[in-house]
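To start, the structure under review is shown below, and the notes come after it.
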Amino acid sequence: MQKKTLQFGLALVLVSSLQGNAQYAKQDSTYKRWFVGSSLFVLLGNFDTKNPPNFAQLNLGYRITGKDVISLEVKTWKYAWPNGIHPFFNKAYKKPEEQFPGYIREYGFAIAYQRFWWKGLYTAVHIMPTWQTFVNKNGNKIDNGFQVFNTYRVGYHVKLFKDKFFIQPSIAITHRAYHTKLPDGFKQLDDKWSKFIFGEPGLHFGYNF
């Protein structure tokens, strides 16, 4: 499922590169300022039969100018393998010996700033505090935690259906900038892996209003 999702995303990147000017010109004051959206890549991950994230995300954004965008992203998900293992390019992902003795459920919100540079090309920074619940294999809560999870993104904005909708394929670096101490069993596995993931694909979509 993950390989098919990655191939689908790469195809959209290629399609986006054929688009015309996708940013909003400074002199154009008619574009819609607000949008709502989510992340298609991670939503598709809910169909994973081995490690479904039970993911939900809602974005609310505002275009300050044609090149400057801020948004609030509310998210929840769970995971049973360390975040430092790349889900597409590291064979250790989903190996039984790397699996937590349970899972982590997170609730968070990200503040994102997006800057357009040329046509639809943009960079973005997402800063996200999250609250964690640690659950053992019996389904019992054993601890709480907190982390700051950042994402540094390069992507492309593609207008669809006369700019009523859009998609934004992207590549990102994710960074666990801070987290409280993990409980025993979780900590030993998490400590083996980097706080960074390089080359994580993304695919945001949205509706302008």
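Here Lys187 is the anchor, and the aspartates and glutamates within straight C-alpha reach of less than 18 Å, apart from those fewer than 8 places off in the same chain, are Glu97, Glu98, Glu106, Asp143.
Treating only the Cβ atoms of Lys and Arg (+1) and Asp and Glu (-1) as charged, compute the dipole magnitude of the chain about its Cα centre; round to the nearest 20 debye.
Around 360 debye, computed over the chain.
Once both labels are positioned 7 Å from their Cα atoms along Cα-to-Cβ, the gap between His179 and Asp191 label points is 1.4 nm.
Cross-link partners for Lys159 among the lysines, with Cα-Cα distance under 18 Å and sequence neighbours closer than 8 places in the same chain left out: Lys26, Lys32, Lys67, Lys119. Residues in the stretch 92-98 carry Karplus couplings, in order, of 6, 5, 6, 6, x, 6, 9 Hz; the curve used is 6.51 cos²θ - 1.76 cosθ + 1.60 with θ = phi - 60°, and Gly or Pro positions show x. The local environment of Leu58, defined by Cβ-Cβ distances under 11 Å, has a net charge of 0 under the rule Lys, Arg +1 and Asp, Glu -1. For Thr123, neighbours were defined as the other residues whose beta-carbon sits under 10 Å from its Cβ, and their charges (Lys and Arg +1, Asp and Glu -1) total +2. Taking the inverse of the mean 1/r over every pair of distinct Cα atoms in the stretch 121-173 gives a Kirkwood hydrodynamic radius of 14.1 Å. Taking the 0 to 90 degree range and rounding to the nearest ten, how far is the long axis of helix 2-16 tilted relative to the main principal axis of the chain, both from C-alpha atoms? Taking Cα atoms only, the helix is inclined about 20 degrees. Per DSSP H run of n ≥ 4, the term is -39500 (n - 2.57); total these for the chain, divide by its residue number, and report the mean residue ellipticity at 222 nm rounded to 500 deg cm²/dmol. Value at 222 nm, helices only, nearest 500: -3500 deg cm²/dmol.
Just to be sure I understand, if you calculate mean projected area of the Cα convex hull in nm² for this structure, which of (i) 12.2; (ii) 13.3; (iii) 11.4 do you get? It is the value labelled (iii). Taking each of Lys95/Lys164; Lys75/Lys164; Lys75/Lys141 in turn, the alpha-carbon distance tops 32 angstrom for Lys95/Lys164.
Between Ala92, Ala56, Asn208, the Cα set farthest toward the positive side of the dipole of the stretch 2-208 (charges on each charged residue's Cβ, about the Cα centre) is that of Asn208.
Of all the options Gly102, Gly139, Gly185, the one that moves most in a Gaussian network model of the chain with Cα springs shorter than 10 angstrom is Gly139.
Each value in this text was obtained by applying a stated rule to the coordinates, not by laboratory testing. Just so we're clear, the structure is a prediction, and the values are computed from it rather than from any experiment. We place every Cβ from the backbone using ideal geometry, glycine too, and count neighbours over all the protein chains shown.
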